[in-house]
Every structure is written in C-alpha cells, then in structure tokens.
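In what follows, a structure is listed as structure tokens, so that the remarks can point back to it.
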C-alpha cells in the first residue's frame with residue numbers, strides 16, 4: 001500500500017468513525033455543536049441527487065470547517081405537475097432566518113422541456129431559522145399576483161433585505177415579505193416603467209439598496225434571441241431602480257467593453273462600494289468583473305484570470321469580513337481549472353478589495369469546495385449564486401443544486417467557515433491524498449432503503 005493510500009485510509013477511518021456514530025458530525029464550525037450527516041446514509045433520494053461520491057462525503061465529515069446538507073428534495077409533497085427538477089437557488093438572510101428562492105421545472109434541458117406548464121419557473125421559497133438544519137414547506141411567490149407590464153424577459157431572480165423586510169425580484173414582479181419569507185405580497189401591482197427599455201434580461205441575483213437610488217435591480221440588455229458567442233450576450237450593465245418602494249422605476253446603463261457579454265449578474269455591496277464577478281458568454285471564456293468605489297456608475301470592467309471554462313455558469317461573489325477580501329464560489333462544469341481534475345466542481349477564489357479597485361484581475365485559488373461524481377452532462381447542477389455571509393456564526397452558506405440532467409434535481413446547502421486560510425489548507429490537503437482506489441476506501445456504510453419512486 002503506497003503512502004497516499006495510507007494517508008487516505010487514516011482519513012477514511014476518522015470519517016467513518018464520525019459518520020457511523022449515533023451523533024454523526026458533518027461539521028458546523030464556529031465552536032458550535034457539530035451537525036447531523038445521517039441524511040447521506042438514510043435518504044436514498046437526496047444521496048442519489050447530491051452527485052457526491054463516498055470519497056467526497058468524507059471531506060464534509062472529517063472537519064467542522066465545511067458541511068453539506070439537503071434543503072429541498074423533489075418528493076411527492078414538494079412536486080406540482082411534472083416539475084420535479086429543483087434548481088437555481090438564490091439566498092439571503094433576514095435577522096436569524098435564511099431565505100432561499102429556487103426554480104422548479106421538468107428538467108434543465110432536453111425533450112422534457114416540452115412538459116413545462118404554468119407551475120414551472122423560479123418562484124418557490126423555503127426558509128430556515130436554525131442555520132439550515134430544518135426547512136419550511138415551499139411557498140409559491142406567484143400566488144401573490146404578478147405584473148402585466150414587466151420589462152424582464154430572461155431567466156433569474158434576486159433577493160435583498162432592507163430594515164428587516166425581505167424583497168424578491170423575478171420577471172413577474174417585485175415582492176415583499178414582512179415575516180421573514182413565510183408570506184409575500186407585490187410591492188406594486190401596476191408600476192410605472194416609463195423610460196425603462198422593454199426588453200431586459202431577468203433581475204440579477206442580489207438587490208441593492210442605498211439612500212439615493214432606493215432599491216436597485218441589476219441586469220443586462222442587448223442580447224440576441226439565440227446566444228452562442230460573447231457578442232450574442234448582453235452588451236450593457238443596467239440598473240432599474242425605484243425610490244418609492246416599487247411604484248415607479250428609473251433606468252441607467254453602461255456599455256460593456258469588447259470581450260464581455262452578460263446574462264445573469266451577481267453584485268455584492270460592501271462599505272458603500274459594489275463589485276461584480278460576471279458570467280461572461282457561454283463557452284471557452286474567462287469570468288469578467290466590475291467594480292465601483294461609489295456603489296454606482298461608472299464601473300471599471302475587466303476579464304479575470306478565472307478560466308477559460310468550457311461551459312460558463314453563474315458565479316457568486318461575497319465580501320468576507322474575516323479576511324476582508326472578495327471571495328467567489330465559481331463553477332467549473334467540465335472539471336478544469338486548479339484543484340482536482342475530471343468531474344464538475346465549484347472552486348473558491350479570492351481577491352483583495354484594493355486589487356480589484358486598482359483594476360487588477362488576478363484571483364487567488366483557495367480550494368475546491370465541492371466536486372460531483374461525474375462530468376457535466378451526466379451530473380448537473382451548481383449555480384452557487386446569492387450566498388449568505390453570517391458574521392455571528394462565522395459561516396458562509398452557499399446554495400447549489402444537484403441532479404441527473406433531465407431527471408430530477410434537489411437543492412443543497414454548502415456551509416463553510418469564514419476562516420478561509422484554514423479552509424484552504426484543509427481542502428488542499430484532502431485532495432492531495434487522492435490516488436487510485438485503495439482496498440479500504442469504502443467511506444460509509446449505506447443503510448438499505450428503497451428509492452422514492454416519484
């Protein structure tokens with residue numbers, strides 16, 4: 001047995017001893033009691049859709065720096081019509097409550113798209129007041145009504161919080177919740193969009209708020225009906241903003257430099273500034289970025305060193321108060337980039353705020369947060385946008401989906417410590433032990449259980 005197998009066997013033994021105990025620990029962090037990971041043993045449907053190998057689960061069971069758990073799984077009580085593919089999670093936090101918006105559909109792509117009905121779309125919300133251990137039943141936001149004059153035509157949605165009130169923006173309207181996401185209302189049934197272009201992409205992943213502009217939805221415009229090259233994507237960064245709680249909306253935009261084409265956009269607002277890490281085109285491109293020291297136009301754009309990626313996904317960006325750096329969870333759906341090779345994965349990157357402000361575009365690799373068991377096309381998922389930074393708990397909550405492309409999919413929460421150097425060291429050491437399968441490489445004893453047949 002070679003040295004890598006010996007090291008991995010030690011990790012295996014530690015992980016197995018933890019995970020097979022009655023009080024299994026998947027990791028919570030911040031000095032809190034460790035949390036339960038029995039779902040992987042006992043929930044056959046969540047285990048199947050998670051796309052995690054037993055070896056990958058060991059990463060989440062051997063340390064309290066990182067944790068994973070299901071949020072909402074397509075069991076019959078959560079499925080309406082043919083829409084058993086849950087994807088595109090976006091999150092925010094209202095006081096002590098996590099709020100997750102997600103889409104339901106018959107599939108991500110393929111022939112089952114013809115089954116889409118009036119119940120499909122990005123519209124469902126679940127909440128948790130215990131850090132993601134338990135979740136409420138899904139709520140359909142569209143039951144509160146919808147606009148008839150929306151300028152948004154793309155795919156996506158956004159969340160934000162102001163003064164303890166949650167706001168949610170999708171193509172069909174902007175909604176408000178005064179009870180931490182349990183119920184929703186349209187902020188205005190018939191808003192005015194005078195001066196706003198009639199064909200914008202969907203609302204971006206986070207809403208922002210400031211005293212001068214009120215509530216702002218970030219998006220893009222100038223995209224083609226069929227998008228294959230960068231030039232087919234949005235050629236402007238756009239702000240649609242309201243100073244009167246959504247009754248009237250105003251508009252401002254900035255043209256993009258050549259080589260950047262947008263669809264979904266994810267801003268992060270910090271210390272009066274705004275930064276973006278941007279989904280840029282579709283294939284064989286690098287992620288783009290934008291920065292404004294004033295929190296408004298004009299923005300300074302650049303193309304980052306992250307990539308080239310074969311199939312672009314929508315990235316997250318967050319400000320980490322512990323490291324005082326901008327940190328990004330970024331999909332590599334074809335398994336490229338730094339870290340372990342092969343199956344699709346999400347990497348963590350960071351850049352100093354001063355570096356981005358100076359127009360520099362070099363992001364530092366911090367580790368591979370999650371890796372699925374197969375390549376994109378067999379496995380499916382991610383879209384790690386709209387994460388939540390919980391300063392009090394010392395955690396970041398990142399939401400992804402996992403599934404079988406045209407089968408079913410579920411939403412998962414990846415929680416990690418804000419101590420990024422410690423997370424980086426742990427992740428690098430874990431993947432350094434990889435190698436050919438060892439005779440003792442079985443990490444978990446899976447409890448026999450029939451699959452949910454829905």
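The values are calculated or read from the model by the stated rules, or taken from the named source; none is laboratory data. All values derive from a computational prediction rather than experimental measurement. So basically every Cβ, Gly included, is an ideal-geometry build from the backbone, and we count neighbours across all protein chains shown.
Residue-level check: of (1) in a loop (DSSP other than H, G, I, E, B); (2) at pLDDT 95 or above, residue 35 misses just (2). Please specify each residue of region 363-385 satisfying the condition of being part of a strand (DSSP E or B) and more than 15 Å from residue 59 (Cβ to Cβ). Answer for region 363-385, where residues must be part of a strand (DSSP E or B) and more than 15 Å from residue 59 (Cβ to Cβ): 364, 365, 376, 379, 380, 381, 382. Kindly indicate whether any position in region 188-202 is closer than 15 Å to residue 252 by Cα, in contact with a strand residue (DSSP E or B) (Cβ under 8 Å, 6 or more places away or on another chain) and assigned to a strand (DSSP E or B). Yes, region 188-202 contains at least one residue that is closer than 15 Å to residue 252 by Cα, in contact with a strand residue (DSSP E or B) (Cβ under 8 Å, 6 or more places away or on another chain) and assigned to a strand (DSSP E or B).
Residue check: is residue 348 more than 22 Å from residue 431 (Cβ to Cβ) and touching a residue at least 40 places away in the same chain (Cβ under 8 Å)? No; evaluated as a whole, the condition is false for this residue.
Scanning region 269-284 for residues that are touching a residue at least 40 places away in the same chain (Cβ under 8 Å), crowded, with 22+ Cβ neighbours inside 10 Å and part of a strand (DSSP E or B) gives 274, 275, 276, 277, 280.
In region 74-87 there is no residue matching the filter, namely being within 20 Å of residue 201 (Cβ to Cβ), surrounded by 16 or more Cβ atoms within 10 Å (Cβ to Cβ) and over 20 Å from the mean Cα position of the chain (by Cα).
Scanning region 386-419 for residues that are in a loop (DSSP other than H, G, I, E, B) and either touching a helix residue (DSSP H, G or I) at 6+ places or on another chain (Cβ under 9 Å) or in contact (Cβ under 8 Å) with a residue 12 or more places away in the chain (or both) yields 386, 387, 391, 393, 394, 404, 405, 406, 407, 408, 418, 419. Residues that are within 25 Å of residue 53 (Cβ to Cβ) and in contact with a strand residue (DSSP E or B) (Cβ under 9 Å, 6 or more places away or on another chain) do not occur anywhere in region 355-363. When region 351-368 is filtered for residues that are surrounded by 17 or more Cβ atoms within 10 Å (Cβ to Cβ) and free of Cβ contacts under 8 Å to residues at least 60 places away in the same chain, the ones remaining, listed by number, are 351, 355, 363, 365. Might you let me know whether region 242-257 holds any residue that is more than 27 Å from residue 161 (Cα to Cα) and without any contact (Cβ under 8 Å) to a residue 40 or more places away in the chain? For region 242-257, residues more than 27 Å from residue 161 (Cα to Cα) and without any contact (Cβ under 8 Å) to a residue 40 or more places away in the chain: present. Of all the residues in region 213-241, those that are touching a residue at least 60 places away in the same chain (Cβ under 8 Å) and either in a loop (DSSP other than H, G, I, E, B) or over 22 Å from the mean Cα position of the chain (by Cα) (or both) number 3. Please work out if residue 136 is farther than 22 Å from residue 248 by Cα and crowded, with 19+ Cβ neighbours inside 10 Å. It is false that residue 136 is farther than 22 Å from residue 248 by Cα and crowded, with 19+ Cβ neighbours inside 10 Å. Among the residues of this structure, residue 91 counts as one that is surrounded by 17 or more Cβ atoms within 10 Å (Cβ to Cβ) and closer than 30 Å to residue 262 by Cβ. Among the residues of region 285-303, write down those that are under 18 Å from residue 234 (Cβ atoms) and in a loop (DSSP other than H, G, I, E, B). Hits for region 285-303 are 286, 287, 297, 298, 299. Counting the residues of region 242-268 that are under 24 Å from the mean Cα position of the chain (by Cα) and either under 22 Å from residue 353 (Cα atoms) or part of a loop (DSSP other than H, G, I, E, B) (or both) gives 8.
Results for (1) surrounded by 24 or more Cβ atoms within 10 Å (Cβ to Cβ); (2) closer than 18 Å to residue 387 by Cα; (3) at pLDDT below 95, shown as yes or no for each residue.
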{"position": "293", "(1), (2), (3)": "no, no, no"}
{"position": "302", "(1), (2), (3)": "no, no, no"}
{"position": "307", "(1), (2), (3)": "no, no, yes"}
{"position": "329", "(1), (2), (3)": "yes, yes, no"}
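When the residues of region 107-121 are filtered to those that are touching a residue at least 40 places away in the same chain (Cβ under 8 Å) and outside any loop (DSSP other than H, G, I, E, B), the one that is nearest to residue 82 (Cα to Cα) is 112. Looking across region 155-181 at every residue that is surrounded by 15 or more Cβ atoms within 10 Å (Cβ to Cβ) and part of a loop (DSSP other than H, G, I, E, B), the one that is modelled with the lowest pLDDT is identified as 155. When you check residue 298 against the structure, is it surrounded by fewer than 24 Cβ atoms within 10 Å (Cβ to Cβ) and in contact (Cβ under 8 Å) with a residue 40 or more places away in the chain, yes or no? Taking the combined requirement at face value, the residue satisfies it.
Considering (1) buried (at least 21 other Cβ atoms within 10 Å of the Cβ); (2) at pLDDT below 95; (3) touching a strand residue (DSSP E or B) at 6+ places or on another chain (Cβ under 6 Å), the lone condition that residue 396 does not fulfil carries the number (2).
Of the numbered criteria (1) surrounded by fewer than 23 Cβ atoms within 10 Å (Cβ to Cβ); (2) out of contact with any helix residue (DSSP H, G or I) (no Cβ under 7 Å at 6 or more places or on another chain), the one residue 105 fails is (1).
The set of residues in region 337-362 that are part of a loop (DSSP other than H, G, I, E, B) and under 15 Å from residue 309 (Cα atoms) comprises 337, 338, 339, 340, 341, 342, 343, 344. Scan region 49-81 for residues that are over 28 Å from residue 394 (Cβ atoms) and modelled with pLDDT of 95 or more and the total you get is 9.
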